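Contents: one structure, followed by commentary.
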Amino acid sequence: MILFYVVVFLSILYCFVILNYWMSWKQIPVFEAIIPQPAISFSIVIPARNEEQNIAALIEDIQKQNYPAHLFELIIVDDHSTDHTATIVKSYPGIKLVQLSGLQINSYKKKAIETGISVAANEWIVTTDADCRVSPQWLSILSSFIEEKKPVMVAGPVFMRYQNKALQIFQSFDFLILQGITGAAIHHKMHSMGNGANLAYQKKIFNEVGGFSGIDQIASGDDMLLVHKMRLKYPEGISYLKSPQAIVCTEAEKTWKSFFSQRIRWASKARKYQDKKLFPILLMVYLFNVSFFVLLAAGFWSFEYWIALLAMLFIKALIEIPFFISVAKFFKQTQLIISFILFQPLHIFYTVCSGFMGQLGRYEWKGRKVQ
């Protein structure tokens with residue numbers, strides 16, 4: 001009987017959290033203003049490791065920005081690539097190429113970003129990933145937003161491109177959920193979220209909070225852990241840019257192994273969060289998903305637990321679908337709704353497994369075994 005009470009309690013908490021995210025996401029206004037005379041200067045910092053298949057397309061996207069060329073620079077930091085990434089970058093004039101070498105550290109990506117920022121000439125740092133694509137309006141809409149809202153940090157929307165393969169479809173709708181949570185959390189200042197594929201912040205503020213100092217021993221967290229540091233210093237200074245023109249598209253992982261490695265890498269940050277509002281939510285969501293497996297096992301002793309399991313699946317879908325639809329509409333991905341419903345059992349399984357493996361502290365990423 002105690003198990004039923006625990007499950008009901010977790011279900012109520014979960015419904016409350018998701019409902020809060022949904023309402024918060026809906027309240028974020030879509031930003032459309034355009035400043036006729038841009039004045040913000042940007043340094044775009046891109047860490048790259050073995051990205052010869054992607055880096056040229058991103059460089060060309062950035063060169064096509066409808067933003068004054070003298071107001072932005074592109075800095076690519078080559079993180080020990082063993083392919084032709086650096087050669088491709090050198091073939092484009094006007095790009096600052098910085099190459100890391102001889103380092104034995106745990107957080108190469110943070111070191112790459114930090115190194116890029118150290119040579120940046122402009123007041124605003126913008127980060128994205130080497131496998132991303134951006135729209136021609138990316139910098140223009142960001143500049144307009146900064147001029148109007150006066151933030152110290154801006155988190156932008158990110159969408160994961162996919163093909164008609166189960167793995168990539170699964171990643172895409174999972175990523176949409178994370179984006180909805182990110183926007184809602186930032187807009188209503190619930191806790192610290194962000195994605196380094198579309199993040200901008202003032203260089204002086206980055207230096208003021210000590211950059212990645214204190215979190216540089218953690219392999220991941222160049223985005224969310226930095227957002228938290230910024231939020232501690234400037235609780236009202238972080239904004240979410242909800243604009244279709246600001247969406248950055250990233251690549252889905254090609255294999256289940258690389259997908260789980262990526263999600264384990266993300267989950268590995270959980271123990272390092274200093275945001276006291278976020279960790280309890282992560283723990284509650286994790287326990288809520290674990291309860292499905294507990295009920296499944298308990299059902300072999302009493303059939304009533306399987307009935308409770310089906311009821312929980314229904315409640316989970318009922319509370320999540322409106323939130324997912326709202327986010328999918330903004331990203332123009334409503335075709336993923338059916339997949340979102342069908343993949344519910346797999347989503348629960350992956351959440352539990354990646355959360356558990358993430359706390360073991362070991363995974364492989366970009367050909368490196370990370371502690």
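Tabulated values for the structure
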item: Subset of the stretch 158-173 [crowded, with 16+ Cβ neighbours inside 10 Å and more than 14 Å from the chain's Cα centre (by Cα)]; result: Tyr162, Leu167, Gln168, Ile169, Phe170
item: Failed criterion for Tyr350 (all others in (1) at pLDDT 90 or above; (2) part of a helix (DSSP H, G or I) hold); result: (1)
item: Number of positions in the stretch 167-195 that are among the charged types (D, E, K, R) and not in a loop (DSSP other than H, G, I, E, B); result: 1
item: Residue list for the stretch 114-148, filter: hydroxyl-bearing (Ser, Thr, Tyr), out of contact with any Phe, Trp or Tyr (no Cβ under 6 Å at 6 or more places or on another chain) and in contact (Cβ under 8 Å) with a residue 40 or more places away in the chain; result: Thr127, Thr128, Ser135, Ser143, Ser144
item: Residue tally, condition buried (at least 18 other Cβ atoms within 10 Å of the Cβ) and over 16 Å from Leu10 (Cα atoms), over the stretch 287-297; result: 0
item: The stretch 226-255, residues that are part of a loop (DSSP other than H, G, I, E, B) and closer than 27 Å to Ser213 by Cα; result: Tyr234, Pro235, Glu236, Gly237, Leu241
item: Exclusive hit being at negative phi and at pLDDT below 95, set Asn66, Asn122, Asn50; result: Asn66
item: Enumerated strands (runs of 3 or more DSSP E) restricted to the stretch 50-127, each holding at least 2 residues that are within 21 Å of the chain's Cα centre (by Cα); result: 72-79, 124-127
item: Qualifying residue in the stretch 139-146 (condition: modelled with pLDDT of 95 or more and either assigned to a strand (DSSP E or B) or within 22 Å of Val77 (Cα to Cα) (or both)); result: yes
item: Residue check, Ser258 under 17 Å from the mean Cα position of the chain (by Cα), at pLDDT 80 or above and surrounded by fewer than 17 Cβ atoms within 10 Å (Cβ to Cβ); result: yes
item: Some residue of the stretch 117-126 being in the same structural domain as Pro244 (by TED's automatic domain parsing) and in contact with a Pro (Cβ under 7 Å, 6 or more places away or on another chain); result: no
item: Residue check, Ala308 at pLDDT below 85, touching a Leu at 6+ places or on another chain (Cβ under 6 Å) and either within 30 Å of Leu3 (Cα to Cα) or crowded, with 16+ Cβ neighbours inside 10 Å (or both); result: no
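The values are calculated or read from the model by the stated rules, or taken from the named source; none is laboratory data. None of the values given here were measured: they were computed from a predicted structure. When we count neighbours, we look across all protein chains shown, and the Cβ atoms used for this are built from the backbone with ideal geometry, even at glycine.
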